[in-house]
């Protein structure tokens with residue numbers, strides 16, 4: 001009887017030992033799992049730092065080259081740039097009319113070319129250049145009010161000049177004349193009018 005009690009005691013002690021070991025293993029496993037869960041990995045920084053967008057700057061379109069449109073220049077500017085009209089420009093300067101032709105407008109100038117001045121008697125030309133008043137009157141006779149293009153001219157038409165007298169237009173086929181001087185280059189546009197180059201100096 002005593003032997004049976006001892007065996008039962010030993011068997012009970014073995015069961016308790018096994019139970020304790022099993023509890024320890026489960027506790028360890030749990031601790032391990034908990035430890036694994038406790039591990040923290042640094043989160044990847046997925047935040048994108050965006051650079052500030054560069055503002056687009058559109059440069060204004062530029063005209064090709066530095067070409068200055070003739071329509072933006074004065075009658076005197078256009079005459080000064082034309083190699084056929086150097087004598088006329090000198091005459092305008094001698095008569096003190098350059099500023100008037102630069103500022104006034106619109107005007108039409110029947111502009112004698114260099115050959116027209118060369119055809120004058122030298123003594124007459126010298127007299128004109130030394131008499132600004134008379135020279136000014138002759139030059140004003142070559143100027144009319146308004147921008148009169150070649151398409152506006154008619155045969156027998158009269159135009160009142162800035163000198164006060166009238167000149168007469170003649171048209172014969174494709175030939176256009178003013179008081180007998182032929183228009184050799186029409187319709188040169190300026191910012192304040194138009195120039196028709198003629199082959200003679202006309203007088204009131």
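No lab work stands behind these numbers, since they all come straight from the coordinates. Computed from a predicted structure; not experimentally measured. We place every Cβ from the backbone using ideal geometry, glycine too, and count neighbours over all the protein chains shown.
State the Cα centre-to-centre distance between the stretch 68-119 and the stretch 154-204 in whole Å. Centre-to-centre (Cα) distance: 15 Å. Once the convex hull of all Cα atoms in the stretch 70-198 is built, its volume per residue stands at 95 Å³. Computed extension length for residue 175-residue 129: 13.5 nm, one decimal, from 0.36 nm per residue of separation with the Cα-Cα distance subtracted.
Judged by the ratio a/c of the largest to the smallest principal axis of the C-alpha gyration tensor, the stretch 113-172 counts as prolate, that ratio being 1.5 or greater while a/b is larger than b/c.
In terms of packing, defined here as the mean over residues of other Cβ atoms within 10 angstrom, the peptides 133-146, 151-164 line up highest first as 133-146, 151-164.
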